[in-house]
1. Residues of segment 68-109 being of a type outside the set (A, V, I, L, M) and part of a loop (DSSP other than H, G, I, E, B), which ones?
2. In a loop (DSSP other than H, G, I, E, B) and small (Gly, Ala, Ser): is that true of Gly213 in this structure?
3. Out of Val189, Val116, Val85, I need the residue that is crowded, with 20+ Cβ neighbours inside 10 Å and within 12 Å of the chain's Cα centre (by Cα). Which one?
4. Taking Ile138, is it among the aliphatic types (A, V, I, L, M), within 14 Å of Ala169 (Cα to Cα) and assigned to a helix (DSSP H, G or I)?
5. Look through Ile109, Ile81 and report the one residue that is under 30 Å from Ile138 (Cα atoms) and of a type in the set (A, V, I, L, M).
6. Cβ-Cβ distance below 6 Å, separation of 6 or more or different chains: which pairs start in segment 124-135 with a residue that is within 15 Å of Asn167 (Cα to Cα) and end on one that is aromatic (Phe, Trp, Tyr)?
7. Looking only at segment 129-170, how many residues end up being surrounded by fewer than 17 Cβ atoms within 10 Å (Cβ to Cβ) and either under 21 Å from Lys90 (Cβ atoms) or hydroxyl-bearing (Ser, Thr, Tyr) (or both)?
8. If Lys72 satisfies all but one of (1) surrounded by fewer than 13 Cβ atoms within 10 Å (Cβ to Cβ); (2) over 25 Å from Leu150 (Cα atoms); (3) modelled with pLDDT of 90 or more, what's the number of the condition it fails?
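The values are calculated or read from the model by the stated rules, or taken from the named source; none is laboratory data. Just so we're clear, the structure is a prediction, and the values are computed from it rather than from any experiment. FYI the Cβ positions are ideal-geometry reconstructions off the backbone, even for glycines, and counts take in every protein chain you see.
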Amino acid sequence: MKKTILNRLKPALCALFAFCVTLPLFGAGGASGDIILGLKENETGSTAALIQAAEKEGLPIGVLFDKIKEGKARNASEEAIFKVVNKKYKYLHNAGALIRKTEKQGLKIKDWSYAVQVISELLEKGLAEAEYEEVAGICLRCKLTDKEVLMSIEAVTALKEEKFSFNFAKQILTVLAEKNRIKEQFERVSRMAIKAQRSGAGQEDIKEMLLDGINNGLNIGFIEKNIGELGRLKPEIRGIDGSGEKGENKEELIRKSIDADRGIKNEKNRKK
């Protein structure tokens, strides 16, 4: 008799257990609590423990809830949902640890949760922790803001996704940062490098053009124009306008761009 009563009460006890696990985290109601209560018994405890750990660390737990929602919407298994949430938690945890380390080195983070979310996504895309630390170190030495640091790390990751070497990205970042041209320019430079590579230009040619342009103080528009014309630089390739003329060599194109940029600057100075 007692066993029969316990069996009948088991579903209610399980629901009560789930409620008690999530109550300290999310209160008696609300969307977040509803998500956890919607999971089955053997999933509720483990997933709630992950979220509780993330909340304790100050990580953006909304990201984890999004993963639970996605899993529930796809009718994914309990095990599959837990694996996805656990994987995301690890990226958030590692991102939080990296950012705390950077903060100790002197960087002031205005929106910590946002920074953690951004870095966790970049780690997921293939950014190595050692690469993050190296890029952050360059940015700190050049006294960049937290916004500029995040933008720089995003640009490095975008270049890596397009199969550019980390060394390529690091060299361009270093020169821009040292020339105080990082603000909004590294992102633009990374986009033009990706576009040039997709059109067939080699990484070494792109890097040489970028470094020459930046070191010579060229306007960003001139650098972009140069990079866009890289397809004409090899003597054996005919002009892109179909005229049949062979392309200019690299040194000649750089010299023309420098002279043109200086001419514009001199003209502006005469008008002042």
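1. Of all residues in segment 68-109, those of a type outside the set (A, V, I, L, M) come to 69-72, 74-75, 77-79, 82-83, 86-91, 93-94, 96, 100-106, 108.
Arg74, Asn75, Ser77, Gln105, Gly106, Lys108, listed by residue number.
2. For Gly213, the condition - in a loop (DSSP other than H, G, I, E, B) and small (Gly, Ala, Ser) - is not met.
3. Of Val189, Val116, Val85, the one residue that is crowded, with 20+ Cβ neighbours inside 10 Å and within 12 Å of the chain's Cα centre (by Cα) is Val116.
4. Details: among the aliphatic types (A, V, I, L, M): yes; within 14 Å of Ala169 (Cα to Cα): yes; assigned to a helix (DSSP H, G or I): yes.
The answer is yes for Ile138.
5. One residue alone meets the criteria, Ile109.
6. Pairs that qualify, where the first residue is within 15 Å of Asn167 (Cα to Cα) and the partner is aromatic (Phe, Trp, Tyr), are Glu131/Phe166.
7. 6
8. The single condition Lys72 does not satisfy is (1).
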